[in-house]
Amino acid sequence: MIKAVIFDMDGLMFDTEALAKKGWLIAGRELNLPITDELVYRVIGMNAASVRKTCMDYFGPNFDYDAFRGAVSGYMKKSLDEDGMPVKRGLPELLDYLKENRYQTAVASSSSRATVEDYLRRAGMEKTFSALVCGDMITRGKPEPDIFLKAAEELGAAPEDCLILEDSANGIRAAHAAGMRVIMVPDLIEPTADLRAMASKVCGSLHDVIPFLEDDRKGERPDG
């Protein structure tokens with residue numbers, strides 16, 4: 001029976017992957033860099049160290065990653081300051097359900113601790129989760145399982161009692177490697193056949209996770 005629900009953040013809780021993609025494209029134009037959708041999608045779910053390495057491999061050793069990252073971060077901060085945090089559909093209802101039914105909850109995000117705390121504060125959710133495990137707190141990022149295993153450890157939950165909520169291919173693979181059930185709620189990346197095979201379910205929104213949990217509480221096998 002599921003006792004703990006572990007959330008990815010970007011693209012899952014908040015509509016920030018689409019915002020980041022726009023930032024990458026704008027920064028690319030400003031710095032005359034050939035930013036492609038393929039590159040953006042490749043790094044979704046990676047922690048900062050992995051994103052840096054991927055970009056350096058892609059553009060070469062003379063690439064000024066810090067200037068590029070600074071341009072992207074500046075665009076995102078300006079957008080969030082002006083428009084607020086874009087919360088994904090169904091998140092408030094799901095969080096209410098989890099609180100009412102006494103599930104343990106954590107965020108396991110590849111973003112830095114500072115970014116996770118900032119985003120949760122902007123959304124008014126800074127006291128919502130029992131644990132935060134972030135990309136700068138682990139050595140091996142997604143698709144390795146470390147971040148989810150660490151989140152389960154922080155909650156005192158066994159892997160088989162955890163449900164992971166993810167939008168990215170790297171996150172789905174990490175959850176599968178951790179031996180945990182995972183629901184994919186697609187954002188920028190559509191589920192491929194191999195991602196569907198690893199996921200217990202593909203949901204259209206976070207609200208659709210609630211019936212899955214209801215079936216689990218009744219002892220029914222909700223996978224499929």
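Here are some notes:
- Semi-axes of the equivalent ellipsoid for the chain, Cα gyration tensor, largest first, Å: 30, 18, 16
- For the stretch 40-140, diffusion coefficient by Stokes-Einstein and Kirkwood Rh (Cα), 4 °C, 1.567 mPa s, µm²/s: 83
- Residue separation of Val202 and Asp215 scaled by 0.36 nm, minus their Cα-Cα distance, works out to 3.2 nm of gained length.
- Fully extended contour minus Cα-Cα distance, from Arg121 to Asp194, at 0.36 nm per residue: 22.7 nm
- Nitroxide proxy distance, nm - points 7 Å out along Cα→Cβ at Arg113 and Asp66: 2.2
- The Kirkwood radius of the stretch 174-215, taken over pairs of alpha-carbon atoms, gives through the Stokes-Einstein law at 25 °C and 0.890 mPa s a diffusion coefficient of 226 µm² s⁻¹.
- Taking all Cα-Cα distances within the stretch 1-80, those exceeding 14 Å account for 65%.
- For the chain, the longest principal axis of the C-alpha atoms and the axis of helix 16-30 are separated by about 10°.
- With a threshold of 18 Å on the Cα-Cα distance, the over-threshold entries among Lys21/Lys201; Lys88/Lys218; Lys99/Lys201; Lys3/Lys218; Lys22/Lys78; Lys99/Lys127 are Lys21/Lys201; Lys88/Lys218; Lys99/Lys201.
- Alpha-carbon gyration tensor eigenvalues x 5, square-rooted, for the stretch 101-218, Å: 21, 17, 15
- Reciprocal of mean inverse Cα separation for the stretch 153-224 (Kirkwood radius, Å): 12.5
- Here Asp96 sits with roughly 90 square angstrom of accessible surface, probe radius 1.4 Å.
- Rounded to the nearest 20, the size of the Cβ-charge dipole of the chain about its Cα centre is 200 debye, with Lys and Arg at +1 and Asp and Glu at -1.
The values are calculated or read from the model by the stated rules, or taken from the named source; none is laboratory data. Quick caveat: nothing in here was measured; it's all calculated off a predicted structure. Every residue, glycine as well, gets a Cβ built from its backbone with ideal geometry; the counts of neighbours run over all protein chains shown. The accessibility values were calculated without ligands, DNA or RNA, using every heavy atom of the protein model including side chains. Shrake-Rupley method; radii C 1.70, N 1.55, O 1.52, S 1.80 Å.
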